[in-house]
Structure formats: C-alpha cells, structure tokens
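The values are calculated or read from the model by the stated rules, or taken from the named source; none is laboratory data. Fair warning: this is a prediction, and the values are worked out from it, not measured in the lab. Here Cβ is always computed from backbone atoms with ideal geometry, including for glycine, and neighbour counts include all displayed protein chains. The protein model used for the area step is the full one, side chains on, heavy atoms only, and it has no ligands, DNA or RNA in it. Shrake-Rupley method; radii C 1.70, N 1.55, O 1.52, S 1.80 Å.
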There are 2 protein chains.
Amino acid sequence: MTRKWIDVSVPVRTGMTHWPGDPGVRIKRWRDLESGDICTVSELKMGSHTGTHMDAPAHFIRAGRSIDRMDLDATIGPARVVRIRDPRCVRPEELAPVGIRRGDRILFKTANSSRCWKAEGFVKDFVYVSREAARFLARTGVRMVGVDYLSVGGYFRDGVETHRELLSRGVWIVEGLDLSKVRPGPYDLICLPLKILGGDGAPARAVVRPRGKKSEAI
Amino acid sequence: MTRKWIDVSVPVRTGMTHWPGDPGVRIKRWRDLESGDICTVSELKMGSHTGTHMDAPAHFIRAGRSIDRMDLDATIGPARVVRIRDPRCVRPEELAPVGIRRGDRILFKTANSSRCWKAEGFVKDFVYVSREAARFLARTGVRMVGVDYLSVGGYFRDGVETHRELLSRGVWIVEGLDLSKVRPGPYDLICLPLKILGGDGAPARAVVRPRGKKSEAI
C-alpha cells in the first residue's frame, strides 16, 4: 500500500467555478520574467470560499469563531473517507451503519467527485448533506466534515440549515475536495486553511495518506 | 514535552506588511451577517508572496516548476529549526558545524522572528541568507529552506542571487515564518501552499511539532 500523500485539493485558477454570487477568481501576473522583470509575482483575487476551502463558524453564526482561531487538531489527524451512494444527499439512514463516533473527521465521497469537477460551470444538483444528517453528525460530536463539492448544504435546499446545524455545534467544515482518486477507508488527513484574521473561511490545501492498521498517530 | 502542533504562520489581514512593490493585502466583506445577509463571505486580494508563503522555481527561473507541481514531501516531514546568531545574514561559516545533509528541511530562526513581525512597516535590514550560504545549501542538496521574514535573499544585497542559487537547484523556499515561539531543534513540519495553477508561489500555512528521539515518520 502506498503511503504517499495524495493531494485532494482542486487547482486555483482564473475563471474557476465558484458558488453563484461569490467573488470571481482572478490570478494576474504582477511582474513577469517573460516581460523582462527580475522575477514573476502574481496578484490573487478570490472569495474566501474558493475551491478547496474551509468554513468557520463565523460564516453562518454571528460572533462565531473565525478561521484563524481553529484548533489545528480539527484537521490534522486520522480521518475516514465514507462512500455515499445516495445520488441526492447524505441522509441519516446511510450514516447509521457507518459507526461514526465523537471526535471523528469524516470526508464524504459522493458522485460529486467524478462528476462535478469536470463539468463546465456550476453544478446545482450536487450531492449535499441533508439537515437531518448534519444534525446527526453534530449531535454525535464529530470534529470535522469534508465534502466533495462547493457546499456542505444543498443549492435548492438545506443550504443554510445544514451549515447552521454543523457550525453552531463547533463542527469544522471542509468544502471543495476532489476525492476522485481516493477510495473509502482510513486515512491520515492534513487540511490547512490560510490564517485569515477574523476570517469567515479560507482557501485551504488538503492532503490524505492511506492509513494502515498499525499506523502511528499523525 | 508537548506534542501539539504549533502555528508558525503570520495572520493575513488588510494592510499587512508586504515586500515593497508587491500587491497590497485587502480582505473585504462581500456578504455580512451583521448587515442582514444570510452569511458572511469575504473577498481576498493579495500578492502570491504574502505573509507566510512559498516560492516556486518559477518565481525566479524561466520555465521553472510552478507551485502546484511541488512534491508534497518537500514540506511534510521531519525538519530542523537552526538558530542563526549572525545579526546580518546566514553565512556558510555558521552552517558548517550544523551538520546539514542532503534531503534536509531547514528552518532558520534569526533575530527576525523577535524583531521584524512587531515592527511598523517593512524592515529592510532583516537577516537574510547570503548567496554563499545559499550555494552551500543547494550543493548539499537540502530539500527545503524556511526563513523568518519576507525574503530568503536580502533587501540591499543577494536578493536575486540567493533565490537563484536555491531555486535553480530545486530547493523549495518557505518565507514569512514566525519562529518566535519555537526553540531550535528537531520538529515535524507541515507547510501547505495554496495549489495555484502555474503559480510562481503561494500563500501557505505552516505548522511544526516538537519531535522526540523516538518519533515515527510523520
């Protein structure tokens, strides 16, 4: 079994798909070796919830914790990639037999990973976490939930409700993962968001590594 | 000994100090719960070399490798924090007795960590890596070099030369670390830059954890 780190982040690029109504993404050369400058430097413009990113409680909860105040243990450590077969949303019924426990870090691999990132433009009918499943996860006391498209809540429903269920109970959210190269199972996870002071969320880089039965704590 | 992860990243905020001539940093609310919006979202504008960040070879080398093509092993794994006492720059003479080896990940803790981040505005006379020390590190074949202010090369000298010595030989560079809370010694390091397609560099988050003699590979 390979023990190499696998990148589960999507590339950040000009014009990339983002949540409708959020700021667009533009990466522009500020200096350029090709134009005779001494070095190449870029200017980055993007929303705080671009590509692979994290949501802080402050995203949906007034006076909620900001991203720079996240406990690093929330996103560094053992995690599980859980396959979701439901083509519409994550429901408590599919989670019940999975054996989710307090403190878990859970990444949901849905049909999104193979479908949404290849699509032209924003996919509205992506697989989301239902408010009922979010309540189940929050009450179980999971530490972190990761999803493989741009929102943990749906576009047509449960957008606000799912976020509030999780964020109001201190569950950190990773969105915009590409899990297409990753099978369900146990992993070591590292997800590090930019340390944006007072941030409602932040772009992040996320990597996983298959975890053997005898793996040490990360 | 604590085995908790220690954040060695500087916070990203509007108006923060950046390399002279680089794009300014502006974090602006795009939506705001406090204004009655359904959630809070921000727009981020910054240079690719803002705060704690990485330099890719493409920063100074034409057709050099871009940041999205970095091997993750460059910045995930055992590392050493090396104290530098020279008040002006890192010189080969101070490195010789340190026992630096091929494949090492080296973070230099200089006077910068206690001085530069507290200063108002940009500090020009920060401690940098001399071109001679850069050549020594590159020839030794280190994997990664990290420094505790905004550039590995100096403001008045060795700015271009030090970058080229390292980047032309495939040494990845982390700049803008705050090592004020970290003693010299062995650590586990994780530094993850944003995955900017074709990027000359990228803002990053970096964390370290003290490493005991019996520590497993990260």
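Here are a few things to note about the model shown:
- Teacher prompt: A:GLU120 distances to equivalent labels in other copies, 7 Å Cα→Cβ, nm: 5.5
- Two-site label geometry, B:ARG65 and B:THR14: point separation in nm, points 7 Å out along Cα→Cβ: 3.8
- For the protein assembly as shown, the spherically averaged projection of the C-alpha convex hull amounts to 20.3 nm².
- Carbon/sulfur fraction of accessible area - the range A:47-210, other protein chains in place, 1.4 Å, %: 46
- DSSP-defined antiparallel bridges as percent of all bridges, the protein assembly as shown, nearest 5: 70
- Most mobile listed residue (B:ILE27, B:ILE61, B:ILE38) in chain B, GNM with C-alpha springs under 10 Å: B:ILE38
- Taking each of A:LYS195/B:LYS195; A:LYS109/B:LYS195; A:LYS28/A:LYS124; A:LYS4/B:LYS4 in turn, the alpha-carbon distance tops 25 angstrom for A:LYS28/A:LYS124.
- Net dipole in debye of the range A:40-158 [+1 Lys, Arg Cβ; -1 Asp, Glu Cβ; about Cα centre; nearest 20]: 300
- The label point for B:ILE6 and the one for A:LYS124, both projected 7 Å from the Cα toward the Cβ, are 5.2 nm apart.
- P(r) tail for chain B: Cα pairs beyond 22 Å make up 49% of the total.
- Label-to-label distance for B:SER114 and A:VAL160 is 5.2 nm, based on points extended 7 Å past Cα in the beta-carbon direction.
- Dipole moment magnitude, nearest 20 debye, chain A about Cα centre, only Lys, Arg, Asp, Glu C-beta charged: 680
- Other copies of B:PRO186: label-to-label distances in nm, shortest first, labels 7 Å along the beta-carbon direction: 2.6
- Total accessible surface hidden between B and A, rounded to 100 Å², 1.4 Å probe: 5300
- When B:SER168 is represented by a point 7 angstrom out along its Cα-to-C-beta vector, the spacings to that point in the other copies are 6.1 nm, nearest first.
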